[in-house]
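Structure record follows, encoded as structure tokens.
The values are calculated or read from the model by the stated rules, or taken from the named source; none is laboratory data. All figures in this text were calculated on a predicted structure; none of them were measured in a lab. Ideal geometry is used to build each Cβ from the backbone, glycine not excepted, and the neighbour counts take in all protein chains shown. When the accessible area is computed, the model is the full protein with side chains, heavy atoms only, and any ligands, DNA or RNA have been set aside. Shrake-Rupley method; radii C 1.70, N 1.55, O 1.52, S 1.80 Å.
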Amino acid sequence: MPRPWVPSHVLVTAAAREQPHAAEMLRRIEAAGVEDIRLLEGNRLTGLADGSEREVYARAKATLALVVAPPSVTKPQPIPPSADWRIDLARGCPAHCQYCYLAGSLAGPPITRAYANLDDVLAGIGTHAGRGAVTSGTAARGHEGTTYELSCYTDPLGIEHLTGSLAEAVRRVGTGHYGDDVSLRFTTKFGAVDDLLVLPHGRRTRMRASVNAEEVASRFEGGTAPVPERLAALRRAALAGYRVGLTIAPVMPVEGWRDQYAALLDAVAGSLADVPDLDLTIEVITHRFTPGSKETLLGWYPRTRLEMDETSRTAKRNKFGGVKHVYPRETMAAMRHWFTDALEARLPGAPMLYWT
Ligand code: SF4
């Protein structure tokens, strides 16, 4: 079992220190044994880009910054197809996944910024309740209420022992602080779930384990918990009454992919078989990359064996002219067909919310 992440460096901006939640974060950070905690005079994080690309990456991945989220971050944004809205408790992640989707969406050295103004960040749950186009008012998912995705720009469980932000969000939503028709969802590649089990979650948070075939997880997901540990955590959460889910991502047609993903689904089914009142959903995301994410990832992981070959992919353009490289139509169809059947056979009754 990997140890929880202990950052080598913690930076705390002056504005972050004034926030009530900062004291709880600092208590946790000190309890984790961090020795280098720097209280900054101002609010700028400087010197992050000094040195070689390797040095910048290594230092950034070993650094946690407590900062104040600006107003642009505290305003919830739509996040289809997962949820109505995105709420960011933090930006960045200490793990080292060689396909990390953050590479295409976050600029600059990959430090982890945790937001100290938690009240501002969570306030969006109240202001946006009853609005949204993914679950709110829909026939398929309206029973989830207005939904808020917490893991768009971070893995919230991977840093929870240092922030406590996820527990606070779960507790507030679970006790109706923002009304009775809202729910949270997060996905994680970590397993330290025990502190969440005792919370008054009110079954209003869905924890999903982000899982993959063994070959993908062991080769490309550095610094995360092994898949069996993630599944054990998912089981504990389900037994504690949480709604749960699988984020199977990013799916790759690696050698023997049918057997590999079958083994994964068998392990999931075995792990959850006897859980009473199980509420399990499935999300499946195939691997894709953009020119920008490829460049960033090759800078971070120059020796990666991750396939990012444009010539073996199909280019998909969005309405803004951006391009992403996805698997060709035949590969996608074969995988989708297989997953649909395999999920139905192994996890009957668990809806696939989307395939992308
Ligand atoms: Fe990126 Fe998620 Fe891996 Fe963190 S756990 S490095 S956010 S893919």
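Assorted remarks:
- Tally, over the range 304-315, of residues that are under 25 Å from the mean Cα position of the chain (by Cα) and exposed (fewer than 12 other Cβ atoms within 10 Å of the Cβ): 1
- Among the residues of the range 266-285, the one identified as in contact with a Pro (Cβ under 6 Å, 6 or more places away or on another chain) and either in a loop (DSSP other than H, G, I, E, B) or over 14 Å from Pro348 (Cβ atoms) (or both) is Ile285.
- Where Ile29 falls short, out of the listed (1) touching a Leu at 6+ places or on another chain (Cβ under 8 Å); (2) hydrophobic (A, V, I, L, M, F, W, C); (3) surrounded by 15 or more Cβ atoms within 10 Å (Cβ to Cβ); (4) more than 28 Å from Ala232 (Cβ to Cβ): (4)
- The set of residues in the range 9-27 that are out of contact with any strand residue (DSSP E or B) (no Cβ under 6 Å at 6 or more places or on another chain) and either hydroxyl-bearing (Ser, Thr, Tyr) or free of Cβ contacts under 8 Å to residues at least 24 places away in the same chain (or both) comprises Glu18, Ala23, Arg27.
- Condition broken by Ser218, with the remaining ones in (1) assigned to a loop (DSSP other than H, G, I, E, B); (2) among the hydroxyl-bearing types (Ser, Thr, Tyr); (3) open to solvent by 10 Å² or more (accessible area, probe 1.4 Å) satisfied: (1)
- Among the residues of the range 179-194, the one identified as open to solvent by 10 Å² or more (accessible area, probe 1.4 Å), touching a strand residue (DSSP E or B) at 6+ places or on another chain (Cβ under 7 Å), of a type in the set (D, E, K, R) and away from the ligand (no atom under 13 Å from the Cβ) is Asp181.
- Remark: Asp84 falls outside the filter, which requires a residue to be closer than 26 Å to Asp119 by Cα, within 16 Å of the ligand (Cβ to nearest atom), open to solvent by less than 60 Å² (accessible area, probe 1.4 Å) and touching a helix residue (DSSP H, G or I) at 6+ places or on another chain (Cβ under 9 Å).
- Checked against the criteria, Tyr153 counts as modelled with pLDDT of 95 or more and either over 22 Å from Gly349 (Cα atoms) or among the charged types (D, E, K, R) (or both).
- Within the range 316-349, tally of residues that are surrounded by fewer than 10 Cβ atoms within 10 Å (Cβ to Cβ) and either assigned to a strand (DSSP E or B) or over 26 Å from the mean Cα position of the chain (by Cα) (or both): 4
- Evaluated against (1) closer than 18 Å to Gly299 by Cβ; (2) free of Cβ contacts under 8 Å to residues at least 40 places away in the same chain, Glu30 falls short on exactly one condition, (1).
- Residue satisfying condition, being open to solvent by less than 20 Å² (accessible area, probe 1.4 Å) and of a type in the set (A, V, I, L, M), within set Val254, Val244, Val198: Val244
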